[in-house]
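J.: Below you'll find the structure I mean.
The values are calculated or read from the model by the stated rules, or taken from the named source; none is laboratory data. Everything numeric here is computed off the predicted structure, so don't read it as measured data. No Cβ is skipped: glycine too gets one built from the backbone with ideal geometry, and neighbour counts run over all protein chains shown. The protein model used for the area step is the full one, side chains on, heavy atoms only, and it has no ligands, DNA or RNA in it. Shrake-Rupley method; radii C 1.70, N 1.55, O 1.52, S 1.80 Å.
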Amino acid sequence: MGRRVWLGDAVLAVVVGVIVTAAAAYGDDAGLLDYALMAAGSLALAAHRAAPRVVLGVATACLLGTVLHAGASGVAAIPMVATVHTAARAGHRGVAAAAAGAFLAGFAVAGSASDDVAQRTMLLAGWFLCALVTGLADKNWQAYLRQTEQRALEAERTREEAALRRAGEERLRIARELHDSLTHSISIVKLQAGVAVHLARKRGEEIPPALLAIQEASGEAMRELRSTLDVLRTDEPTGSPALLVERARAAGLDVELTVRGRERALAGGLDRAAYRIVQEGLTNAARHAGGAARVAVELNYGERVLGVRVTDDGAADAGLPPVEGTGLTGMRERVVALGGTLRAGPRAEGGFAVRAELPLEVAESTAGAVAAVDAAGPQGAVVSGGSVGSVGSVDSVGSVGSVGSVGSVDSVGSVGSKAKVGADVGRRGESP
């Protein structure tokens, strides 16, 4: 940008020089020295941004010398008016006024033999006054624009800080509500199931598989809820996509991770979004793809875009469009907040695919918007739970009120659970 401005100033100085010398060529008194002085005074305008006072001194000396040598010519005043304007715009109004006065004095002396010298001098003084006033007005306008821009930036920064603060407060409120409501209910379910199992063993009775499933599922739900509460309180991922894949494998899911491109550290908003997309994709695959399904997780680090892809070869029907639940809605909100795109739906060859593209050049303000999405409710963080290996999500625990709610407890069972929860308890039919 600086080079383009300098080239524009140079072109302007050349144009002024050509106009002045061409106009002087119609007179009979201008000689070679006069042309050289007018050209030097005009070309000096090219450096008016870098050294306005030096340019003013050079132009005044050259053009005043032209007037004193060749006579009072109004043509020589053209570059002089321009240099006075640029000096006043740079803040040197005193020096500019002094230079204009010196030029006017020389102009009056050189044209003393003419009858209309006073009129011409006053007219030229008016032009110099206009140059001073417009230079000062331009300087004040530029200062006003800079102040306005600074105030706008300060207001934007204040809004971002307030949004981040409100997002943090909302996350803490959600964490408190989850802890106060769900934790106590799940604790009662776990306690009652544990007491029932203990009494059955004490009496020598056979323990129903559904009761064991309730005990195991409630314990897993407690662990997931604790992990989710930690996420809400810290607003940081509890690991990396690679760790999510390892957890899913440990839970019994057949997962393969592929990383393409040059892997590198990401901004906070991008890192959290990629983590949550992989987490939700693996959770949906565990819930709906079936135990024998193969899942592929791909991270593609491009120059400008991060691609995140989670696919499975499960039993999803390509002819049935997916009904978005809170999980897909939360992923879409995260991706849109970062300026990316998300596509989720059944594949033509079978199974389900989640594809997201996230721009790598993200501003801090966009990261603040993602933080606000994190605090917006169950769409962002709560639905996924804390562990990727889990079949359900933490929001489904809210339906657990007592030990008798067996059908609801099934949604929080783990992928690796050997209990026959699906057969004996029932399966949640909600789409991802």
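J.: Please give me the summed charge of the neighbours of Arg304: other residues whose Cβ is under 12 Å from its Cβ, Lys and Arg +1, Asp and Glu -1.
T.: Values: positive: none; negative: Glu303, Glu357, Glu361.
Result for the local shell: -3.
J.: For the range 351-356, just list the computed ³J(HN,Hα) in residue order, Karplus coefficients 6.51, -1.76 and 1.60, θ = phi - 60°, integers in Hz, with x standing in for Gly and Pro.
T.: x, 10, 9, 10, 10, 10
J.: Leaving out ligands, DNA and RNA, and with a 1.4 Å probe, what % of the accessible surface on the range 14-169 is carbon or sulfur? List each step's numbers first, then the result.
T.: Values: 5650 of 8650 Å².
For the range 14-169, the apolar C and S fraction of the accessible surface comes to 65 percent.
J.: Further question on the same structure: Once R0 is set to 35 Å, what does the formula 1/(1 + (r/R0)^6) return for the Cβ-Cβ distance between Leu243 and Lys202, expressed as a FRET efficiency to the nearest 0.05? Spell out each step's value before the answer.
T.: Details: r = 41 Å, r/R0 = 1.16.
In this case the efficiency is close to 0.30.
J.: Calculate, for Ala102 and Ala47, the FRET efficiency according to 1/(1 + (r/R0)^6) with r their C-beta to C-beta distance and R0 25 Å; round to the nearest 0.05. Please report the intermediate quantities before stating the final value.
T.: Details: r = 21 Å, r/R0 = 0.82.
Between Ala102 and Ala47 the formula returns 0.75.
J.: Just to confirm my numbers, what's the Cα centroid distance between the range 151-222 and the range 91-141 in Å?
T.: Taking the Cα centre of the range 91-141 as reference, the centre of the range 151-222 is 81 Å away.
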